[in-house]
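What follows is one structure encoded as structure tokens, with my remarks underneath.
The values are calculated or read from the model by the stated rules, or taken from the named source; none is laboratory data. Remember, predicted model here, so these are calculated numbers, not experimental data. Quick reminder, even Gly has a Cβ in these numbers, built from the backbone with ideal geometry, and neighbours come from all protein chains shown. Protein only, heavy atoms only, side chains kept; ligands, DNA and RNA dropped before computing areas. Shrake-Rupley method; radii C 1.70, N 1.55, O 1.52, S 1.80 Å.
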Amino acid sequence: MEISRIKLVPVLLFILLNSVWCTTSNSISESFLQCFSSHIHSKSTSKIILTRKSSSYSSVLHSSIQNLRFLNTSTPKPEAIITPFRYSHVQAAVICSKKEGIQIRTRSGGHDYEGLSYVSKSPFIIIDLFKLRSINIDIKNERAWVESGVTLGELYYAIAQKSKAYGFPAGICPTIGVGDILVEVALIVDVNGRVLDRKSMGEELFWAIRGGGGSSFGVILAWKLELVPVPPSVTVYTESKTIQQGATKLISRWQAIADRIPEGNFLRLVIEVANGAGTNGGKTVHVIFNFLFLETVEKLLPWMKENFPELSVEKTKFAEMSWIESVLSMANIQRNKTEVLLQRTQQSKRFFKAKSDYVTKPISEAGLEGLWHIMLQLDTSLLILSPFGGRMSEISDSETPFPHRKGNLYEIQYYVSWDDDKETEKHISWTRKVYGYMAAYVSKSPRAAYLNYRDLDLGMNKDANTSYAQASLWGLSYFKNNFRRLAQVKTLVDPGNFFRNEQSIPVLPSGEK
């Protein structure tokens, strides 16, 4: 009898706590809804706010989840989803969330690698910006006003519809939300629910949101971007080699010039496991040389022959096209399928995990061969090597929060994907294994990482009171010496640390600057 009573206590405690949680959650939801309705002066909020009872709640929640790791029954769900189509709706959401003690997650493209734009362990709402999608292209002044719900694909498409002479230098994947590249002005809703422009927010906050993780400081509504002139014709080149065909030596040659590739050239490497002859169960490492050159083939050929004589220079390997066609080509989309850029979700979604590194010295061939050995242990492993240097190195490390500039040869993204949730632990373990192996070959003190390839393995904030020292475990990797300045801005504009997540900028202790 005594043993049964002992077993029963945890069960009763769980039921009690669970019922309290549900009551509290429902209470928070109702009071939030009342507050929100009063602030937007409307009793009909069904088109703006979706509760768990709404018929479209699940479809909207799932629509922008790009990583299937966060699309299961155990993943915490938001109390509500706000789908604002006016800035006042965002203001009301911030004011009422703060009043009721509900966390906010802000989502645009949904590509946050660790799901922080739509997952929280505390009661939360999502502000999904997909209805704030206006784009105003001003070709005469080479500018564009773009709301934060716009994806890169939508922006690329809008620019191309206006002019063939301009483009925008951003990511390859068209479903990513518009970020903070070449920004001149921004609009943000701060912790007090005010809409601030560059003048009213001040230069320190404007500095912080251009690469410092805008969700730590408020909800960004729109950006004014600088368009970039592009030639009428660009050249795309793709070639592949296996390690049996000398790919390792070609990578060594690429490393030697990665940060000194002429302006207007972009040569990235995609390294993957593929079928092939050898002693590795019919698998080999396959290296794809992916080249974009802002000139004609004739001007590119001499440089190619000098630096990569082993690569084919047959005309079939080169393709001259417009800038917008090159956007499609680099994203593996047919060049005549421009409308695909308007699709906001990826055609196929998978489970995935990624990590990142920066390389400051060429990796030896022996080091690369050790890397191939680890890659061959998993069929779906993928590495993307993106060169640095050029204009990147000419900008001061502190001009924006992004500090990874002069001294970096290239960046590595380690990426693995899979289709079955049961294989999650195996694949995540692989990323950690390859990351551990690469420690000897990448940047140190700190070992740098790229914020947009967010990686919670680097460290996490535990709660609202996470200290600067604790947050530095991950913060210095992303921001290096800029991390303290970001914390200073955070302390100034959001001293109560309302806008927070597992890797948000922390508040400095009282009296510390």
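Some notes on this structure:
- Odd one out for residue 431 among (1) more than 26 Å from residue 215 (Cβ to Cβ); (2) hydroxyl-bearing (Ser, Thr, Tyr); (3) in a helix (DSSP H, G or I): (1)
- Here residue 505 fulfils each of the conditions (1) in contact with a Lys or Arg (Cβ under 6 Å, 6 or more places away or on another chain); (2) within 30 Å of residue 378 (Cα to Cα) apart from (2).
- Any pair with Cβ under 7 angstrom, 6 or more apart, that starts in the stretch 226-243 at a residue that is within 13 Å of residue 291 (Cβ to Cβ) and ends at one that is assigned to a loop (DSSP other than H, G, I, E, B): 234/294; 235/295; 235/296; 239/311; 239/312
- Number of residues in the stretch 263-279 that are touching a residue at least 40 places away in the same chain (Cβ under 8 Å) and either surrounded by 15 or more Cβ atoms within 10 Å (Cβ to Cβ) or among the aromatic types (Phe, Trp, Tyr) (or both) equals 8.
- Strands (runs of 3 or more DSSP E) fully within the stretch 105-205 that include at least 3 residues being open to solvent by 30 Å² or more (accessible area, probe 1.4 Å) and farther than 28 Å from residue 70 by Cα: 135-138, 183-189.
- Subset of the stretch 31-47 (residues that are modelled with pLDDT of 85 or more, not hydrophobic (A, V, I, L, M, F, W, C) and not in a helix (DSSP H, G or I)): 47
- Residue match in the stretch 87-104 (condition: closer than 20 Å to residue 498 by Cβ, open to solvent by 10 Å² or more (accessible area, probe 1.4 Å) and in a loop (DSSP other than H, G, I, E, B)): yes
- The one condition in (1) polar (S, T, N, Q); (2) modelled with pLDDT under 95; (3) under 17 Å from residue 129 (Cα atoms) that residue 216 fails to fulfil: (2)
- Remark: pairs (first residue in the stretch 398-421, assigned by the TED database to the domain that holds residue 432 and over 21 Å from residue 354 (Cα atoms); second residue among the β-branched types (Val, Ile, Thr) and surrounded by fewer than 21 Cβ atoms within 10 Å (Cβ to Cβ); Cβ separation under 9 Å; 6+ apart in sequence or on different chains) = 405/395; 406/395; 407/360.
Yes/no matrix, rows are residues, columns are (1) within 16 Å of residue 351 (Cα to Cα); (2) open to solvent by less than 30 Å² (accessible area, probe 1.4 Å):
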{"site": "410", "(1), (2)": "no, yes"}
{"site": "415", "(1), (2)": "yes, no"}
{"site": "427", "(1), (2)": "yes, yes"}
{"site": "444", "(1), (2)": "no, no"}
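- Filtered residues of the stretch 339-357 (kept if open to solvent by 30 Å² or more (accessible area, probe 1.4 Å) and assigned to a helix (DSSP H, G or I)): 339, 340, 342
- The stretch 280-294 - residue that is open to solvent by 30 Å² or more (accessible area, probe 1.4 Å) and modelled with pLDDT of 90 or more and, of those, nearest to residue 238 (Cα to Cα): 288
- Residue that is most open to solvent (accessible area, probe 1.4 Å) [pool: residues in the stretch 295-332 that are of a type in the set (Val, Ile, Thr), farther than 29 Å from residue 346 by Cα and in contact (Cβ under 8 Å) with a residue 40 or more places away in the chain]: 296
- Pair list, Cβ < 9 Å and 6+ apart or interchain, from the stretch 124-136 residues that are of a type in the set (S, T, N, Q) to residues that are outside any strand (DSSP E or B) and open to solvent by less than 10 Å² (accessible area, probe 1.4 Å): 134/149; 134/150
- Some residue of the stretch 434-441 being crowded, with 20+ Cβ neighbours inside 10 Å, within 24 Å of residue 398 (Cβ to Cβ) and at pLDDT 95 or above: no
- Only listed residue being assigned to a helix (DSSP H, G or I), more than 23 Å from the chain's Cα centre (by Cα) and without any contact (Cβ under 8 Å) to a residue 40 or more places away in the chain, chosen from 487, 469: 469
- Just one of the listed residues (330, 375) is hydrophobic (A, V, I, L, M, F, W, C) and outside the structural domain of residue 260 (by the TED database), namely 330.
- Residue ranges of strands (runs of 3 or more DSSP E) in the stretch 255-333 with at least 1 members more than 26 Å from the chain's Cα centre (by Cα) and of a type in the set (Gly, Ala, Ser): 265-275, 318-321
- Cβ-Cβ contacts under 8 Å between residues 6 or more apart (or on different chains), taken from a first residue in the stretch 105-120 that is assigned by the TED database to the domain that holds residue 71 to a second residue that is among the aromatic types (Phe, Trp, Tyr) and surrounded by 24 or more Cβ atoms within 10 Å (Cβ to Cβ), are listed as 105/118; 107/118; 110/118; 112/118.
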